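Every number in this text was worked out from the coordinates using simple rules, so none of it is lab data. The shown structure was predicted, so the numbers you read here are calculated from the model rather than taken from an experiment. All Cβ positions, even for glycine, are placed from backbone atoms using ideal geometry, and neighbour counts span all protein chains on display.
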Amino acid sequence: MLTRYRLSSHAADKLIALGISVSQLEQTLMRPEERIYSESGKYFYQRLYERPNGKKYLLRVLVDEAQEPPSVVTIYVASRFQRYRRSI
């Protein structure tokens, strides 16, 4: 969905701290499995991934679409992801 975006310094720090690759971030933004509206007026782009050890996790990217280009505000990783999933 998103091909252009701006990465906040906080989100860039989170990428490094969480060990998430830029390609995973971009795949989540371009082909999210879910896009969920948050009460803050922003959207969560979500995609499920699998670690080399076989454990699954949900990459959640909070995006402010009101900005031009849209701004990636922060990034979360959820291993107990069932609570965040809506349709997948």
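Database remark: amide H of Glu33 closer than 5 angstrom to the amide H of Gln46, Arg47, Leu48 (H placed geometrically; neighbours at sequence offset of 5 or more, or on other chains; Pro and chain starts carry no H).
Peptides 11-24, 61-74, ordered by how many other C-beta atoms sit within 10 Å of their residues on average, highest first, read 61-74, 11-24. Of the trypsin sites (Lys or Arg not before Pro) found in the range 27-88, those in coil by DSSP whose Cβ has at most 16 other Cβ atoms within 10 Å are Lys55, Arg80, Arg85, Arg86. When shorter helices are ignored and each DSSP H run of at least 4 residues is given -39500 (n - 2.57), the per-residue value for the chain at 222 nm works out to -6000 deg cm²/dmol. Put a plus charge on the Cβ of each Lys and Arg, a minus charge on the Cβ of each Asp and Glu, and nothing anywhere else: the dipole of the chain about its Cα centre is then about 420 debye.
If R0 is taken as 25 Å, the Cβ-Cβ distance between Asp64 and Ile16 corresponds to a FRET efficiency of 0.75. Expressed as a rounded percentage, what relative contact order does the range 6-84 have, with Cα pairs under 8 Å and six or more residues apart? Relative contact order, the range 6-84: 29 percent. Once Rg and the Kirkwood radius are both taken over the C-alpha atoms of the chain, their ratio Rg/Rh works out to 0.94. A dipole drawn for the chain from +1 and -1 charges on Cβ atoms has a positive end, and of Val72, Ser23, Leu7 the residue lying farthest that way is Ser23.
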